[in-house]
Structure formats: structure tokens, C-alpha cells
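Here's the structure we're looking at; comments come further down.
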Amino acid sequence: MNGKQLSLFSSIHFECKRLNFLLFVALKANFDCEKVREKLEILDGQIQTLKEERNKTAELLEELKLSGTVSGDGTISAINSAVDSIELLPPIIRQKLIRLEVMIFHILLA
């Protein structure tokens, strides 16, 4: 090979390496994009589930208000009048009641 051919070969070789690198970067970006798209679909499903649960909870709250079980400020009157009896409930039930009151409070604020 003469000097001109060697220079041309070197330039072509460099360009091939550069294109291979760019192809690698593009494939990685495509892979990452698909992963993000999958996560987005999962999050969309979770958001939809939370919205449905929120709507069901709002409907339940409205029913409880109509039946007089929930006072205007969102507290459950049966629980407020029986604080001592809450201590007798299993811890898991107490936690669920507290979470329910918090959810009801947040719904009333929305």
C-alpha cells in the first residue's frame, strides 16, 4: 500500500468505528426508551387503580355521610365516641381505621 491508500484505509477504518459506536449508542437509547415506556405503562395502570379506589372511597364516604356515620369534618362518629374500645381492637384493624380516616380527610380537602 502506498501512503495515499493507507491514509484512505485509515480514514475508512476510523469512520467505521465511529459509525459502530453511534449504532451502539442508538441501540442502547432504543433499549432504554423501551424500558421507560414499560415503566410508564405500569405506572399508568397503578394511577388508574388509585383513581378507581379514590372514587370508590368517595362514594363510600358519601354513603356514610348520608347514613350519619361520618360527621361533617370527616371523622367517624362511632370511633370518636368509643376511643376506649379502639384499644381493644387488633393492631392491624386500628391501623386500617387510622388510614381510612386519613383518606377520608384528604378526600374532604380535595
Say we look at the stretch 80-110 and pick out the residues that are more than 26 Å from GLU52 (Cα to Cα) and in a helix (DSSP H, G or I); which of these is modelled with the lowest pLDDT?
-> ASN80
Would you say ASN55 is surrounded by fewer than 10 Cβ atoms within 10 Å (Cβ to Cβ) and without any contact (Cβ under 8 Å) to a residue 40 or more places away in the chain?
-> no
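The values are calculated or read from the model by the stated rules, or taken from the named source; none is laboratory data. All figures in this text were calculated on a predicted structure; none of them were measured in a lab. Reconstructed Cβ throughout: ideal geometry from the backbone, glycine too, with neighbour counts over all protein chains shown.
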